[in-house]
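*Asks:* Have a look at the structure that comes next, please.
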Amino acid sequence: MRILVTGAAGFIGSKLSERLLARGDEVLGYDNLNDYYDPRLKEARLARLMPLPGFSFLRASLEDRAALDAAFVDFKPQRVVNLAAQAGVRYSLENPHAYVESNIVGFMNILEACRHNGVDHLVYASSSSVYGNNRKLPFAVEDSVDHPVSMYAATKKANELMAHTYSHLFNLPTTGLRFFTVYGPWGRPDMALFLFTRKILAGEPIDVFNHGHHTRDFTYVDDIVEGVIRTLDQVPGPDPAYDPLAPSPATSSAPYRVYNIGNNRPVELLRYIEVLEECLGRKAEKRLLPLQPGDVPDTYADVDALQRDTGYSPSTPIETGVARFVEWYRDFYRA
Ligand SMILES: NC(=O)c1ccc[n+]([C@@H]2O[C@H](COP(=O)([O-])OP(=O)(O)OC[C@H]3O[C@@H](n4cnc5c(N)ncnc54)[C@H](O)[C@@H]3O)[C@@H](O)[C@H]2O)c1
C-alpha cells in the first residue's frame, strides 16, 4: 500500500515508517522538521529512513496547502497516518497559536486532501490528554471528554470532532488514536524520561511535579506502533450497534472510531524514576514541586475497545522499555 505518514521525522512517525517499510508498504514521509526540539534528532531519525527501499520524503508544513495537495496528487496515498502536530501540554500554555496552526489549520488541510483524493482510511493521533478533568479511572472511549485542561487537549479533541464531521459528510473512514505517554528509544527531548536522563547524567537536579505522586500509563513506542498498524489495517464502517438515542462517543453511524492505546498498567512517577535510576546506575537529586497547570494527576487507559477490535493491547513493562531507552541514549549521545 501507499501510505502517507505525516510527522515521519518525529518520535512515533519515524518508528511507524520503519515498520511499514519493513512489511513492504511504500511510504511518503511528510514533516517540516521544525525546531520545537533539537532538529538534529529529527534529521538523525530521517537519515535512518532515507536509504530504505520504498521511502520518499517531503519537507513541508501541514499548513502549506499547496505543498500538501501536491503530495497527495503526486503520491496518491491509499491511506494516511497523521502524526504531525504541535505536541506537548506545557508549551501550549506558552504558545497556543502554534497548536491552532499545526493541529487545527493543518488537520483541516489533511481532511480536505483526504476527501478530494479518494483516501480510503485516515488514522490520526489524538491524545490521552482529552480526558482532562475526568477522574473516573480507567479512562474509556465511551466516557465524555468535554473538559480539557490545556489548549493541546482542546485541539486534539477538536480533531476528533472534525474527523467525525468528514466521516459523516463525505464517508471518509477515520480512526482517532488516543496515545498515553509514549516513551522509548529515539524519544522526545521535551518529555520526562529524556529530560531526567540528561540531567541525572549531568549531575543536575530533576524537577518532579506533583511531588512524584501522579501516575501515568507509560506506553512503549513499539506497542504504540503495533496499535497504529493494526488500526490502520482495519478500515471502519458505520457501526450497526450505534444508537442515536443513547450515542456512544466512541463510535458512530458514520465510518468513525476512536481508541485508547495505552499500557493499561499505570505507574507512579516516583517508581518510573526509580527504574531509570537502576538503569543508569545513578541516583537522582529530586526537586519536588506541585502539579503544573494543564497537567492531569493520573492517566490509565481502558483498552477493551482496541483489544476487541484488533486483538491487541500493549504489554511492555517499564523495566524493559526504560532499559532500552537508556541503552539507546548512551549510544546516541555517547554518554
Ligand atoms: N509522545 C507522546 O507521548 C504522545 C502522546 C499523545 C499523543 N501524541 C501525539 O502523537 C503524534 C506524534 O508525537 P511524537 O511524540 O512523535 O511527536 P514529535 O514532535 O516527535 O513528532 C511530530 C513531528 O511532526 C512534525 N510537525 C509538527 N508540526 C508540523 C506541521 N505543522 N507540519 C509538518 N510537520 C509538523 C515535527 O517536526 C515532528 O517531527 C503527535 O500528534 C502527538 O500530539 C504523542
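*Asks:* Are any residues in the stretch 63-96 within 12 Å of the ligand (Cβ to nearest atom), over 21 Å from SER167 (Cβ atoms) and of a type outside the set (S, T, N, Q), and if so, which ones?
*Replies:* The answer is GLU63, ASP64, ARG65, ALA67, ALA71, ALA87, GLY88, VAL89, TYR91.
*Asks:* Right, something else. Looking only at the stretch 92-105, how many residues end up being over 22 Å from PRO293 (Cα atoms) and in contact with a Ser or Thr (Cβ under 7 Å, 6 or more places away or on another chain)?
*Replies:* Count: 1.
*Asks:* Given the conditions (1) closer than 28 Å to GLY294 by Cα; (2) part of a loop (DSSP other than H, G, I, E, B); (3) touching a strand residue (DSSP E or B) at 6+ places or on another chain (Cβ under 6 Å), and given that GLU204 satisfies all but one, which numbered condition is not satisfied?
*Replies:* GLU204 satisfies all of (1) closer than 28 Å to GLY294 by Cα; (2) part of a loop (DSSP other than H, G, I, E, B); (3) touching a strand residue (DSSP E or B) at 6+ places or on another chain (Cβ under 6 Å) except (3).
*Asks:* I'd like to check something: does the stretch 156-167 contain any residue that is outside any loop (DSSP other than H, G, I, E, B), more than 15 Å from the chain's Cα centre (by Cα), surrounded by fewer than 23 Cβ atoms within 10 Å (Cβ to Cβ) and within 12 Å of the ligand (Cβ to nearest atom)?
*Replies:* No - not one qualifying residue is present in the stretch 156-167.
*Asks:* Just to be sure, is LEU306 closer than 25 Å to GLU226 by Cβ, crowded, with 18+ Cβ neighbours inside 10 Å and more than 21 Å from the chain's Cα centre (by Cα)?
*Replies:* Criteria not met by LEU306.
Read-outs throughout are calculated quantities, based only on the coordinates presented, and are distinct from any laboratory measurement. Quick caveat, the model's predicted, so the values are computed rather than measured. Cβ atoms come from the backbone with ideal geometry, glycine included; neighbour counts cover every protein chain shown.
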